[in-house]
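Engineer: Handing you this structure, nothing more for now.
The values are calculated or read from the model by the stated rules, or taken from the named source; none is laboratory data. Keep in mind that this is a model prediction, so the values were computed, not measured. Cβ placement follows ideal geometry from the backbone for every residue including glycine, while neighbour counts extend to all protein chains displayed. Please note that ligands, DNA and RNA were not included when accessible areas were found on the heavy atoms of the full protein model with its side chains. Shrake-Rupley method; radii C 1.70, N 1.55, O 1.52, S 1.80 Å.
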Amino acid sequence: MERLLKDDAIEEKGERARMASFVGAMAIADLVKTTLGPKGMDKILQSTGRGRSVTVTNDGATILKSLHIDNPAAKVLVDISKVQDDEVGDGTTSVVVLAGELLREAEKLVNMKIHPMTIIAGFRMALECARNALLQRTMDNKENTDKFRADLMNIAMTTLSSKILSQDKEYFAELAVDAVLRLKGSTNLEAIQILKKPGGSLKDSFLDEGFILDKKIGIGQPKRIENAKILVANTAMDTDKVKIYGARVRVDSMSKVADIEAAEKQKMREKVQKIIAHGINCFVNRQLIYNFPEELFADAGILAIEHADFEGIERLALVTGGEIASTFDNPESVKLGHCKVIEEIMIGEDRLIHFSGVEMGQACTIVLRGASEHVLDEAERSLHDALCVLSQTVNDTRVLFGGGWPEMVMAKEVDELARKTPGKKSHAIDAFSRALQAIPTTIADNAGLDSAELIAQLRAEHHKENCTAGIDVITGSVGDMQKLGIQESFKVKQAILLSATEAAEMILRVDEIITCAPRRREDRM
């Protein structure tokens with residue numbers, strides 16, 4: 001038979017294709033498995049690009065995003081971890097570990113000659129059952145503000161305990177909860193700005209109401225302004241050169257040059273006059289402001305800030321309630337931003353501009369201090385995870401216990417379902433329950449505990465009514481999650497469950513992998 005595909009295309013069928021996808025997915029799961037739980041380890045990722053930048057992290061999504069992977073099934077797992085990161089912020093490692101375990105169990109079933117579709121049907125039933133088991137056991141304290149705040153604190157501490165901030169988790173949980181409660185229920189994390197300043201220790205980080213812009217105040221300008229009216233602009237304030245590319249101006253005497261310069265100065269002066277006519281006392285521009293316009297602003301007693309980076313001015317406009325303007329002909333249509341006080345503050349060695357009493361009351365800035373850039377980057381990722389989870393929890397206030405408790409609850413229910421289900425599907429349902437137990441097993445393994453012993457004890461505990469037992473990594477035994485205050489958001493757990501099962505199903509359905517032939521570079525010689 002003639003070859004259907006091009007010369008270098010590779011085609012793998014049936015068993016081999018399935019093996020390749022299982023092996024790839026399990027390898028990825030094993031890679032991030034060691035970062036799971038409060039005793040999880042970090043990975044160093046070194047890029048091959050210029051500067052060989054180094055990232056130290058234990059955030060599943062960050063690790064997987066940085067890997068260049070050839071195996072198609074492994075890519076599916078990288079994707080679900082990314083989506084988990086965007087959607088709920090935390091649980092990026094758990095989702096990959098769970099999907100990997102589901103595939104590991106499925107592989108045994110396929111080897112027992114059970115058809116993948118049967119396995120998928122069993123997984124579907126088990127998923128419904130597990131989800132219902134969780135739904136029945138959620139707690140919801142949204143009526144009682146103090147209790148709900150305590151829940152949020154616990155969730156934040158649970159999220160942070162597996163990250164670099166675990167040493168000062170109470171402190172940072174407090175920061176994160178304060179920041180999120182200011183948002184009053186919106187999940188827009190734009191209003192929370194995270195500034196990283198090397199120096200000091202992580203303990204020196206603080207939450208500041210208002211907005212901090214990482215710029216210095218220009219020379220000869222007021223250092224403090226009260227009741228500021230702010231014009232946020234994106235316009236060129238450097239027209240002391242002819243701006244047409246390749247333009248030539250021929251003059252026949254030196255005085256003509258002076259005329260051109262004077263005309264340009266006059267043009268600039270008019271523009272500044274227009275800007276001043278808005279009745280502002282603070283002008284923030286994204287582009288450069290040259291000495292001459294700066295001097296004019298200083299004479300008018302207006303604070304001019306140049307070169308505020310784009311994210312900075314977008315956020316500044318959002319926070320002060322202004323809009324970004326680029327033309328100044330009709331002042332009445334431009335929306336100005338307002339804030340109570342603008343002043344210069346010092347953080348470490350640097351001077352920054354602080355806007356306080358802004359329009360959007362929910363805005364705040366978290367300033368992170370730390371020993372080095374790597375520590376700060378990782379701290380920012382950890383904090384971002386906590387903020388995401390908290391803002392999701394404020395909307396969906398249901399919470400669960402953590403520490404492997406939800407997995408054991410689900411596993412128990414799924415196990416009972418498997419005993420009632422006739423036919424081959426029961427094997428798949430049983431496999432699902434074993435895969436769920438992999439998460440507490442991994443948490444215990446990473447802490448160097450005897451996981452088989454602990455899981456057996458946990459299972460026995462969970463056969464009692466209303467049990468709240470989970471793994472207490474600190475004492476290395478089965479502990480009461482309610483007393484320890486280890487809680488997780490229901491939304492995160494549900495997202496982990498659904499994404500992992502769907503990804504495992506998708507990989508299970510594969511029976512052929514076709515790799516296209518690489519494009520040949522023609523010889524140019």
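Engineer: Expressed as a rounded percentage, what relative contact order does the range 389-471 have, with Cα pairs under 8 Å and six or more residues apart?
Structural biologist: The value is 34 percent.
Engineer: If each DSSP helix of 4+ residues adds -39,500 (n - 2.57) and the sum is divided by the residues in the chain, what number results at 222 nm, nearest 500 deg cm²/dmol?
Structural biologist: Details: 17 runs with 251 residues, N = 525.
Computed mean residue ellipticity for the chain: -15500 deg cm²/dmol.
Engineer: Towards the positive end of the charge dipole of the chain, with charges on Cβ (+1 Lys, Arg; -1 Asp, Glu), say which of VAL249, PHE283, SER53 has the farthest Cα.
Structural biologist: Among VAL249, PHE283, SER53, the one farthest towards the positive end of the dipole of the chain is VAL249.
Engineer: Follow-up question, since we're still on this one. With a ≥ b ≥ c taken as the square roots of the eigenvalues of the C-alpha gyration tensor of the range 1-131, please select rounded if a/c is under 1.5 and otherwise prolate if a/b is larger than b/c or oblate if it is not?
Structural biologist: oblate
Engineer: While we're here: Based on the mean of other Cβ atoms within 10 Å per residue, sort peptides 405-412, 249-256 so the most packed one is first.
Structural biologist: Peptide ranking by packing, descending: 405-412, 249-256.
Engineer: Taking only C-alpha pairs under 8 Å that are 6+ residues apart, what is the relative contact order of the chain in percent?
Structural biologist: After rounding, I find 27 percent.
Engineer: Taking the Cβ of LEU109 as the centre, find all other residues whose Cβ is under 10 Å away and add up their charges (Lys, Arg: +1; Asp, Glu: -1).
Structural biologist: Around LEU109, the charge tally is 0.
Engineer: Give me the net charge for the shell around LEU207: Cβ to Cβ below 13 angstrom, other residues only, Lys and Arg +1, Asp and Glu -1.
Structural biologist: -3
Engineer: Set the Förster distance to 30 Å, then compute FRET efficiency between LYS108 and GLU128 from the Cβ-Cβ distance, nearest 0.05.
Structural biologist: 0.85
Engineer: In nanometres, what is the gap between the two model label sites at SER201 and VAL54, each 7 Å from Cα along Cα-to-Cβ?
Structural biologist: 2.2 nm
Engineer: Leaving ligands and nucleic acids out of the surface, order HIS374, HIS68 by accessible area at 1.4 Å, largest first.
Structural biologist: Reading off the accessible areas and sorting them downward yields HIS68, HIS374.
Engineer: Then there's this: Under the 0.36 nm per residue contour assumption, what length would be gained going from the current alpha-carbon distance of GLU170 and SER372 to full extension?
Structural biologist: Fully extending the segment from GLU170 to SER372 adds 70.5 nm.
Engineer: So how do 425-433, 10-18 stack up, highest first, on mean other-Cβ count within 10 Å? Don't skip to the answer; put the middle values down first.
Structural biologist: Details: 425-433: 22.9, 10-18: 14.0.
Ranked by mean Cβ neighbours within 10 Å, highest first: 425-433, 10-18.
Engineer: Using a basic spin-label model with each label point 7 Å from the Cα along Cα→Cβ, how many nm lie between GLU323 and LYS265?
Structural biologist: 3.6 nm
Engineer: Additional query: Order these peptides, 164-173, 140-149, 485-494, by their mean beta-carbon neighbour count within 10 angstrom, highest first. Intermediate values should be presented prior to the final figure.
Structural biologist: Working: 164-173: 19.8, 140-149: 12.6, 485-494: 24.0.
Highest mean packing first, the order is 485-494, 164-173, 140-149.
Engineer: Which FRET efficiency value, to the nearest 0.05, is calculated for SER426 and MET41 with the Förster distance at 56 angstrom and r the Cβ-Cβ distance?
Structural biologist: Details: r = 37 Å, r/R0 = 0.67.
Step by step, r from the Cβ atoms, then E = 0.90.
Engineer: Let me ask something additional. Kindly flag which residue pairs out of LYS196/LYS267; LYS39/LYS491; LYS108/LYS464; LYS197/LYS493 have an alpha-carbon separation exceeding 29 Å in this structure.
Structural biologist: Over 29 Å apart, Cα to Cα: LYS196/LYS267; LYS108/LYS464; LYS197/LYS493.
Engineer: Once phi is turned into θ = phi - 60°, what whole-Hz ³J(HN,Hα) does the Karplus curve with 6.51, -1.76 and 1.60 give for every residue of the range 275-286, x standing for Gly and Pro?
Structural biologist: So the Karplus estimates, Gly and Pro as x, are 5, 5, 4, 6, x, 9, 10, 8, 10, 10, 10, 7 Hz.
Engineer: So how far, in whole Å, is the C-alpha centre of the range 351-426 from the one of the range 51-69?
Structural biologist: Between the Cα centre of the range 351-426 and that of the range 51-69, the gap is 20 Å.
Engineer: Continuing with this model, one more query. Roughly how many nanometres apart are two label points built 7 Å out from the Cα toward the Cβ at ALA456 and MET19?
Structural biologist: 3.4 nm
Engineer: Right, another one. If you place +1 on the Cβ of every Lys and Arg, -1 on the Cβ of every Asp and Glu, and leave all else neutral, what size is the dipole of the range 211-360 about its Cα centre, to the nearest 20 Debye?
Structural biologist: Approximately 300 debye in magnitude.
Engineer: Summing +1 for each Lys or Arg and -1 for each Asp or Glu, what net charge is found among the other residues whose Cβ lies under 13 Å from the Cβ of PHE172?
Structural biologist: On the way: positive: LYS163, LYS169, LYS203, ARG369, ARG381; negative: ASP168, GLU170, GLU174, ASP178, ASP204, GLU378, GLU380, ASP385.
Taking every Cβ under 13 Å from that of PHE172, the sum is -3.
Engineer: Hey, what's the Kirkwood Rh for the chain if you take every pair of different alpha carbons, in angstrom? It would help to have the intermediate numbers written out before the result.
Structural biologist: Numbers: mean 1/r = 0.0373 Å⁻¹.
Over the chain, the inverse of the mean reciprocal pair distance is 26.8 Å.
Engineer: Another question, then. How high is the FRET efficiency between GLU332 and ARG149 when r is their beta carbon distance and R₀ equals 45 Å, given to the nearest 0.05?
Structural biologist: Given R0 = 45 Å and the Cβ-Cβ separation, E is 0.55.
Engineer: How long is the gain from ILE10 to ARG419 if the chain were fully straight, where each residue apart is worth 0.36 nm and the alpha carbon distance is subtracted?
Structural biologist: 142.9 nm
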